[in-house]
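The values are calculated or read from the model by the stated rules, or taken from the named source; none is laboratory data. Not measured: the values here are computed from a predicted model. Here Cβ is always computed from backbone atoms with ideal geometry, including for glycine, and neighbour counts include all displayed protein chains.
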Amino acid sequence: MKKRTKKLLSVRGGGSAHPDFSVWRPYTQMRTSLPPLRAVRTEGARIHLDDGRVLIDGTASWWTACHGYNHPHIREAVARQLAVMPHVMFGGLTHDPAEQLAERLTALLPGDLNHVFFADSGSVAVEVAMKMAAQYWLNQGIRTRTKFLAFAGGYHGDTFATMAVCDPEEGMHALFGPLLPRHVIRPLPRDAAGAAALGQFLDEHAESLAGILVEPLAQGAGGMIFHEGEVLRCLRALADRHGLPLIFDEIFTGFGRTGSLFACEQAGVVPDIITLSKALTGGTMALSAAIARTHIFAAFLSENAGHALMHGPTYMANPLACSAALASLELFAAEPRLAQVEAIGAAMGEQLAPCRCLPGVRDVRVLGAIGVVELHRIADMNALKAALAAAGVWVRPFRNIVYLTPAFTIAAEELAFLCGAVRRVLERAPGNIA
Ligand SMILES: Cc1ncc(COP(=O)(O)O)c(C=O)c1O
């Protein structure tokens, strides 16, 4: 342990949970949280730990590993690319994996979502999408549209621009409120009254807005909250009425998670900009994209160099990641992923339903391959997490939510084990669910 860390430990009174603080962990109170489990190998829907235990994975690693871990088709594609060109900068250079991937994505997406800007994480893709919408107006000489409309329950990332469009109360970022630009966060228009209220708000304030940003059908990290396609059709109509770019953040929902390849297809709505990441590479590599329709892209075409999109993450369009994404899309074409999602949804619906009768459970809901058991509250998160791992599953509850987003290739018996473990753990309610 390094000297400074030792000093910190002695000054702050120890830290027995984490013997070494050299790795600063995500969303983790390093003083009080459980030490992380040590993963040594993954395969399919399983995570192997260094102590020999094997956990059935209920998260697909933050919703990325949609084909299961280590799919040979993706592994081989990445290995082939690794041998010839792991990375090359994308400024002034191009390469086949990026061009083929852009072609493939635009062919799969509805409407004229034809212009792909690659980035390296979900948050950055959302930032790029916001920048596209804001500059769409600036390039037309309109400088007053400085706010975005986003929604209660939403989550769009952890960077400063994206924190400002997350739910300010429910999200993890309330602390930063005073540092963030103020946007407009409203309830989703879930019914006629909500649609009328939002309509009226926009009639009065649309001119200050640069765009509307929403996670379609399922708000993920904000609480696994679902809504109907009608909500998105309402947003499309309102965006059209005021000429506002409508951004769908499909970083969670994209690539089959809600039952269709993209959530926007289920709603029959074409957004003006869509963001993708997470399952884009089948859970292999970091990659994201913000993809715009032609009228957005056209606002950047100009003799004026200042009208260009001034963004360029160093590792954007990384060839290894693009190869992984191409291989992942081939798997969606060759294997029955959406049928698997439907079967997973049906099984989770049946197998999680008994949780409804357990004390402390507020709601059980399923959409696509997302299964949610919402509790009234989780008082001792550490105890719940430990109980789940002890039951042989990798499930990461947050706030008052226990959810399953398994790989689409999970075997029926693995899924039954996963749902059974959640039921059993919640039944025993290790003193922490009220
Ligand atoms: C809908 C949505 N948008 C954006 C992000 C941010 O992605 P990243 O963690 O890759 O920055 C997430 C991550 O969970 C997400 O679910």
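Condition test on G345, is it touching a Phe, Trp or Tyr at 6+ places or on another chain (Cβ under 8 Å), at pLDDT 95 or above and either in the same structural domain as G420 (by TED's automatic domain parsing) or not aromatic (F, W, Y) (or both)?
Values: touching a Phe, Trp or Tyr at 6+ places or on another chain (Cβ under 8 Å): no; at pLDDT 95 or above: yes; either in the same structural domain as G420 (by TED's automatic domain parsing) or not aromatic (F, W, Y) (or both): yes.
No: the conditions fail for G345.
Name the one entry in G171, G177, G153 that is in the same structural domain as H227 (by TED's automatic domain parsing) and modelled with pLDDT of 95 or more.
Every option except G153 fails the conditions.
Give the residues of region 233-254 that are under 24 Å from K131 (Cβ atoms) and under 23 Å from the mean Cα position of the chain (by Cα), sorted by residue number.
Answer for region 233-254, where residues must be under 24 Å from K131 (Cβ atoms) and under 23 Å from the mean Cα position of the chain (by Cα): L235, R236, P245, L246, I247, F248, D249, E250, I251, F252, T253, G254.
Filter region 339-364 down to the residues that are in contact (Cβ under 8 Å) with a residue 24 or more places away in the chain and part of a strand (DSSP E or B), then identify the one that is surrounded by the fewest Cβ atoms within 10 Å (Cβ to Cβ).
R362
Six or more apart or on different chains, Cβ under 8 Å: which pairs go from a residue in region 123-151 that's among the polar types (S, T, N, Q) to one that's modelled with pLDDT of 95 or more and within 12 Å of the ligand (Cβ to nearest atom)? Could you list them?
Listed pairs, sorted by first residue: S123/H156; S123/G157; S123/D158; S123/T159; S123/T162.
I need the full set of residues from region 103-148 which are assigned to a loop (DSSP other than H, G, I, E, B), among the polar types (S, T, N, Q) and in contact with a Ser or Thr (Cβ under 6 Å, 6 or more places away or on another chain), in order please.
Residue satisfying the conditions is S121 alone.
Restricting attention to region 255-274, which residues are under 18 Å from A339 (Cβ atoms) and surrounded by 24 or more Cβ atoms within 10 Å (Cβ to Cβ)?
F255, R257, T258, F262, A263
Is it fair to say T106 is under 21 Å from A279 (Cα atoms), hydroxyl-bearing (S, T, Y), in contact (Cβ under 8 Å) with a residue 60 or more places away in the chain and surrounded by fewer than 23 Cβ atoms within 10 Å (Cβ to Cβ)?
So T106 passes the test.
In region 149-162, what count of residues is obtained for those that are farther than 17 Å from A210 by Cα, within 11 Å of the ligand (Cβ to nearest atom) and not in a loop (DSSP other than H, G, I, E, B)?
Number of matching residues: 0.
Inspect region 81-97 for any residue being crowded, with 21+ Cβ neighbours inside 10 Å and under 25 Å from G306 (Cβ atoms) and give the result as yes or no. Give the steps one after another, and end with the answer.
First, the residues of region 81-97 that are crowded, with 21+ Cβ neighbours inside 10 Å: 81, 97.
From what's left, under 25 Å from G306 (Cβ atoms): none.
No, every residue in region 81-97 fails to be crowded, with 21+ Cβ neighbours inside 10 Å and under 25 Å from G306 (Cβ atoms).
Being part of a loop (DSSP other than H, G, I, E, B) and either away from the ligand (no atom under 16 Å from the Cβ) or surrounded by fewer than 24 Cβ atoms within 10 Å (Cβ to Cβ) (or both): is that true of P313 here?
It is true that P313 is part of a loop (DSSP other than H, G, I, E, B) and either away from the ligand (no atom under 16 Å from the Cβ) or surrounded by fewer than 24 Cβ atoms within 10 Å (Cβ to Cβ) (or both).
Taking S61 as the residue in question, decide whether it is part of a helix (DSSP H, G or I), small (G, A, S), within 16 Å of the ligand (Cβ to nearest atom) and not assigned by TED's automatic domain parsing to the domain that holds A299.
The answer is yes for S61.
Within 16 Å of the ligand (Cβ to nearest atom), more than 24 Å from N139 (Cα to Cα) and part of a loop (DSSP other than H, G, I, E, B) - does that describe any residue in region 201-215?
Taking every residue of region 201-215 in turn, at least one turns out to be within 16 Å of the ligand (Cβ to nearest atom), more than 24 Å from N139 (Cα to Cα) and part of a loop (DSSP other than H, G, I, E, B).
Could you please let me know if E76 is more than 15 Å from the ligand (Cβ to nearest atom), assigned to a helix (DSSP H, G or I), among the acidic types (D, E) and surrounded by 13 or more Cβ atoms within 10 Å (Cβ to Cβ)?
No, not satisfied.
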